[in-house]
1. Against the definition (at pLDDT 95 or above, among the hydrophobic types (A, V, I, L, M, F, W, C) and farther than 12 Å from residue 38 by Cα), how does residue 107 come out, yes or no?
2. Find the residue count for the stretch 79-109, including only residues that are touching a helix residue (DSSP H, G or I) at 6+ places or on another chain (Cβ under 8 Å) and in a loop (DSSP other than H, G, I, E, B).
3. Do any strands (runs of 3 or more DSSP E) entirely within the stretch 1-78 hold 2 or more residues that are among the polar types (S, T, N, Q) and at pLDDT 95 or above, and if so, which?
4. How many of the residues making up the stretch 42-64 are farther than 27 Å from residue 107 by Cα and under 16 Å from the mean Cα position of the chain (by Cα)?
5. Are there any pairs, at least 6 apart or on different chains, whose C-beta atoms fall under 7 Å, with the first in the stretch 74-97 and closer than 15 Å to residue 28 by Cα and the second surrounded by fewer than 10 Cβ atoms within 10 Å (Cβ to Cβ), and if so, which?
6. Looking only at the stretch 55-71, decide whether some residue is under 19 Å from residue 39 (Cα atoms), of a type in the set (A, V, I, L, M) and in contact with a strand residue (DSSP E or B) (Cβ under 6 Å, 6 or more places away or on another chain).
Amino acid sequence: MLEGSLTNRILERQSNDEVKVGMGATIYWFSDRSACTIIEVKSKCKIVIQKDRAIRLDSRGMSEEQDYKFERDENGQIYECYCRKGVWKTQDKQRVVIGKRDCYYDFSI
């Protein structure tokens, strides 16, 4: 059964084999997305990411079309992630895509 945003379920299927400190990452929640930065590579299948500061650029209010710029946030939440069969996840089992930063806030929930 499909849960959450269809857009998130499609986007989270992307993968990236190479991970390096400083690369972007996106955590896919139920329908929201959070931009992050890789801050530590512990092994080929274990990394640490930190949530970035997402600054909204548009003035569309509670729109589904949202534009952001991202800045590193030294105080952002930290997540340890692992990879199994090419799929990255947080310890809470949230899907993570490596190599891009994206942010979305679902105002309808």
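1. no
2. Residues meeting the conditions: 1.
3. Here the list reads 33-43.
4. Count: 3.
5. 80/91
6. no
The values are calculated or read from the model by the stated rules, or taken from the named source; none is laboratory data. Values in this document were obtained by computation on a predicted structure and should not be read as measured data. Note: ideal-geometry Cβ built from the backbone for every residue, glycine included; neighbour counts use all protein chains shown.
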